[in-house]
Amino acid sequence: MADTERTKADLLALYADNTSGDISPQDLRDLVETMDRPVGFMVVSTPATTTIGVAGTYYLAAGTTTLYVSRDFTMPQNNRLTYTGTPKILALVALSLTLSVSGTGNKTLAITLYKGGGEVSAKYRCRSTLTGATCRSYTIMALVSMTTNDYLEIWITNETDTIRPQMELAQMVVLGLFQ
């Protein structure tokens, strides 16, 4: 029989009162499988500029990303971590990246986290103003509910004009918690 990840509620119901001795070796293997939490970790391996068609509109950040650590996550395309596990999870997302922009004058750049093609929440946006050809670091921490095939992406914008920002460095780690 295959080992199965179970919900916390299922495990609590199973182990709550074992007076009849019904906990099997399979039940214990399922517990071990459940304790091994989902995790995904991607980094930018080749920076690229993101085309901004309309100032202030968010676009999927360009660049080549590499999946370094994965358990129940895949990266079917650049800048996309997809959850492939079966139980619904609450995921802790930590995103750290550096953006640069060329040209002169002040540019206000912003980043946000998208799930399934839509912004997770405006409260997870970061923005700052850069002057000339400079770099700025951004960090987002979020708790996101995820089900099978949900995916996370980094989106960026230039709020000032359409000069293209470049994602220089980025790391996104997603750690599944019990739901």
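Nothing in this text is a laboratory measurement; each read-out follows from the coordinates by a stated rule. Because the structure is predicted, anything quoted here is derived from the model rather than measured. In this analysis, Cβ positions are derived from the backbone assuming ideal geometry, glycine residues included, and neighbour counts consider all displayed protein chains.
At-a-glance table
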read-out: Over the chain, relative contact order from alpha-carbon pairs under 8 Å, at least 6 apart, %; value: 31
read-out: Among N79, N149, T131 the positive-end extreme of the charge dipole of the chain (Cβ point charges); value: T131
read-out: Cα gyration tensor shape for the chain, rounded if a/c is under 1.5, else prolate or oblate; value: prolate
read-out: Cα-based helix-to-principal-axis angle, 25-35 vs the chain, degrees rounded to 10; value: 20
read-out: Additional length obtainable on full extension of the chain from D27 to V39, 0.36 nm per residue less Cα span; value: 2.0 nm
read-out: For the chain, size of Cβ-based charge dipole, Lys and Arg +1, Asp and Glu -1, in debye; value: 840
read-out: Mean ellipticity per residue at 222 nm, deg cm²/dmol - from DSSP H runs of n ≥ 4 across the chain, formula -39500 (n - 2.57); value: -3000 deg cm²/dmol
read-out: Cβ-derived FRET efficiency at R0 30 Å, T98 paired with R71, nearest 0.05; value: 0.65
read-out: Within the range 93-176: Cβ-based charge dipole about Cα centre, in debye rounded to nearest 20 (Lys, Arg +1; Asp, Glu -1); value: 180
read-out: Listed residues T160, T104, T66, most fluctuating in the chain (Gaussian network, C-alpha, under 10 Å); value: T104
read-out: Estimated FRET transfer efficiency (K123, Q171; beta-carbon r; R0 30 Å; 0.05); value: 0.90
read-out: Approximate spin-label separation E159-S145, in nm, with each point projected 7 Å along Cα-to-Cβ; value: 2.9
